[in-house]
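Data first, discussion second: the structure below is written as structure tokens.
The values are calculated or read from the model by the stated rules, or taken from the named source; none is laboratory data. This one's a predicted model, so the numbers in the text were calculated from it and none came from an experiment. Here the Cβ positions follow ideal geometry from the backbone for every residue, glycine too, while neighbour counts run over all protein chains shown.
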Amino acid sequence: MSLKNSNLAQAWLVLLLATLFGTALAGIQAKLGPVIEANKVKETMVKIPVLVLGEDLAAELAADNQTLTIKSRVVEINKNGTTKYYTVYDAWLPEGKMVGHVVKAAGQGYADKIELLVGVDAQGKRITGLFVLEQKETPGLGAKILEDAWRGQFKEKSTEKTLSVVKGGEVKDDEIDAISGATISSKSVTGIVNTTVADVASKLQITAGPDNNKTPAVQNEEPGKNKERS
């Protein structure tokens, strides 16, 4: 066999192996995808009390063997020719008082997609907590978005102000201190939060109690091409 034919055979072999590997990987992803999503929902339900009440009040509620009533709905946003859908979890205390909402949001990070849970008060005026549901940022740098101290900066921020990222120095009410060496990841998370609260804050308030809330847990999407889902 000539050198040319040998190289051609090797190229075809590499292509074949890559195709087989890609097919196998797609099959694994298809099988694990529903399991991963189910685990995210479970983790979301666990985090909601802390995101709307704070750790201390959530712990007190659990100590009294009480739980929040949580119902999900889908909020549709039409903006700039694009339809976006946000999954929103509404939360009520055992006596029926609305205490807040958690919005699932997503956007592009430095390395890959970042998924967030954004806690907002009952009136949609104030951020009550932030949790990173999924991320693949650089370990030791961008992955520090997971740390409580950094995420804690978002608590009590107004939803009526656009947050900006700054590097060091004194931080104002509408600013977030960037993670050293991970400004892009910091801006990505802040950008997702800004977009989310701007889109849904005015649509969060519910006047009915949990027993009268007829919003379905799953809402089918309208047909169309320009759609995004969080």
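For the structure I just gave you, tell me whether residue 113 is of a type outside the set (A, V, I, L, M, F, W, C) and modelled with pLDDT under 95.
Numbers: of a type outside the set (A, V, I, L, M, F, W, C): yes; modelled with pLDDT under 95: no.
When the stated conditions are applied, residue 113 does not pass them.
Among the candidates 17, 25, 51, which residue alone is at pLDDT 95 or above, out of contact with any Asp or Glu (no Cβ under 8 Å at 6 or more places or on another chain) and not aromatic (Phe, Trp, Tyr)? Reasoning before the result, please.
Working: 17 fails: at pLDDT 95 or above; 25 fails: at pLDDT 95 or above.
After ruling out the rest, the residue left standing is 51.
Got at least one residue in the range 211-227 being of a type in the set (A, V, I, L, M, F, W, C) and either farther than 19 Å from residue 117 by Cα or at pLDDT 50 or above (or both)? Outline the logic, then answer.
Taking the range 211-227 first, the residues of a type in the set (A, V, I, L, M, F, W, C) are 217-218.
With either farther than 19 Å from residue 117 by Cα or at pLDDT 50 or above (or both) added as a condition, the list becomes none.
Within the range 211-227 (the criterion being of a type in the set (A, V, I, L, M, F, W, C) and either farther than 19 Å from residue 117 by Cα or at pLDDT 50 or above (or both)), the answer is no, since none of the residues qualifies.
Could you tell me whether the range 152-175 includes any residue that is of a type in the set (Asp, Glu), surrounded by fewer than 18 Cβ atoms within 10 Å (Cβ to Cβ) and assigned to a strand (DSSP E or B)?
Restricting attention to the range 152-175, the residues satisfying the condition of being of a type in the set (Asp, Glu) are 156, 160, 170, 173-175.
Checking the rest, the ones that are also surrounded by fewer than 18 Cβ atoms within 10 Å (Cβ to Cβ) come to 156, 160, 170, 173-175.
If we keep only those that are assigned to a strand (DSSP E or B) too, we end up with 175.
Scanning the range 152-175, I find at least one residue that is of a type in the set (Asp, Glu), surrounded by fewer than 18 Cβ atoms within 10 Å (Cβ to Cβ) and assigned to a strand (DSSP E or B), so the answer is yes.
Quick one: residue 128 ticks every box in (1) touching a residue at least 40 places away in the same chain (Cβ under 8 Å); (2) farther than 16 Å from residue 46 by Cα bar one, so which box is it?
Exception for residue 128: condition (2).
Just wondering, is there one or more residues in the range 169-185 that are small (Gly, Ala, Ser), free of Cβ contacts under 8 Å to residues at least 24 places away in the same chain and on the phi > 0 side of the Ramachandran plot?
yes
When residue 149 is evaluated against the numbered criteria (1) among the small types (Gly, Ala, Ser); (2) assigned to a strand (DSSP E or B); (3) closer than 25 Å to residue 173 by Cβ, which criterion, by number, is the only one it fails?
(2)
Among the candidates 105, 62, 38, which residue alone is closer than 26 Å to residue 143 by Cα, of a type in the set (Gly, Ala, Ser) and exposed (fewer than 14 other Cβ atoms within 10 Å of the Cβ)? It would help to see each step written out before you state the result.
Values: 105 fails: exposed (fewer than 14 other Cβ atoms within 10 Å of the Cβ); 62 fails: closer than 26 Å to residue 143 by Cα.
Of the residues listed, the single one that is closer than 26 Å to residue 143 by Cα, of a type in the set (Gly, Ala, Ser) and exposed (fewer than 14 other Cβ atoms within 10 Å of the Cβ) is 38.
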